[in-house]
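> Let me give you the structure first, and then I'll get to my questions.
None of the figures in this text is laboratory data; all of them are computed from the coordinates on show. The structure displayed is predicted, hence computed values, not measured ones. Quick reminder, even Gly has a Cβ in these numbers, built from the backbone with ideal geometry, and neighbours come from all protein chains shown.
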Amino acid sequence: MIILKNKLLLLLFFIASIVLISGFFTLTPTYIENNGNVRHFEDNDMSFDMASSWTVYDYDNPLKTPFLPNSPSTLLLNPGNNSQYSYYNGSISDLTSDGSVLNTSATNATDVVIVKTDITKLDSLPEGVTIDTAYKSDSLYRLMNGTGDFKIDKQTTFDLNGKTAYQFEYTVSYITYQDTWIEHNGHYYRILSQAPSSVFNKASNEFNITLNSFKLK
């Protein structure tokens, strides 16, 4: 009788555990939704769209999202398939589906390039730096400015969904950066997109999908 009772308790405990775990994942917020030709991301601080082929690192993983913050200080956006951008001029079929390059005489590992957008929330800027010179807060500026390898290509200020945005485009070595800053509710939000200069124009379409739809709460 005691053995039967213990087995029943174990069964009830097992069922309760399954229900709790299922409920935990069911109640987890959905940060990313497919919306036609774009994907939409939203958390407690912001929302934005991105190209349908892009993803937000970790927030697209249902096993990880229950443990991720709903007000993150950093987000990484990049193509789900890195072979979308490549130095290689041959057929895209030469590139594997996971974005790596086949080991052939025609291709090499440098054919696939890094294209990404980082979104960062900061509480303050470094001493002596204001939002209209926010690019100076980047370590690249401090490292490369003295050598002459840091070049501002374009600097603009514009309205972005009701907020004043300060944007700087600059080139460091062979990488072009689109660096946009917004001040809101005591925080500084940075949308930093980068691509090798040779593919920047192509990638800017995806960069601008995110930037133009970026909204703060």
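> Which entries of Lys64/Lys121; Lys151/Lys217; Lys154/Lys217; Lys116/Lys151 show an alpha-carbon separation above 24 angstrom in the structure shown? Can you show the working numbers first?
Numbers: Lys64/Lys121 21 Å; Lys151/Lys217 33 Å; Lys154/Lys217 28 Å; Lys116/Lys151 20 Å.
Lys151/Lys217; Lys154/Lys217, as the Cα separations exceed 24 Å there.
> On full extension of the chain, what length is gained from Asp123 through Tyr174, given 0.36 nm per residue of separation minus the C-alpha to C-alpha distance? Intermediate results must be reported in sequence, preceding the final value.
On the way: separation 51, 0.36 × 51 = 18.36 nm, distance 3.06 nm.
Taking 0.36 nm per residue and subtracting the Cα distance, the gain is 15.3 nm.
> Just to be sure I understand the model, the point goes 7 Å from the Cα along the line to the Cβ. What's the resulting Thr30 to Leu68 distance in nm?
My value for the distance between the label points is 1.5 nm.
> Still on this structure: GluC sites (Glu not before Pro) within region 115-189: which are DSSP loop residues with at most 11 other Cβ atoms inside 10 Å?
Numbers: sites: Glu127, Glu169, Glu183; in loops: Glu127.
Within region 115-189, the qualifying GluC sites (Glu not before Pro) (loop, at most 11 other Cβ atoms within 10 Å) are Glu127.
> Show the residues, 5+ positions off or on another chain, whose built amide H is closer than 5 Å to the amide H of Thr176.
Ala195, Ser197
> Output wanted: per-residue J couplings in Hz (rounded whole) for region 115-123, from phi through Karplus 6.51 cos²θ - 1.76 cosθ + 1.60, θ = phi - 60°, x for Gly and Pro.
Ordered by residue, 3J(HN,Hα) equals 10, 7, 10, 10, 10, 10, 10, 10, 7 Hz.
> Once you have the Cα-Cα distance between Tyr57 and Asp149, take 0.36 nm times their residue separation minus that, and quote the gain in nm to one decimal.
So the extension gain works out to 30.1 nm.
> Okay, next question. Check which residues have an amide H placed less than 5 Å from Gly80's amide H, if you skip close sequence neighbours.
Trp54, Thr55
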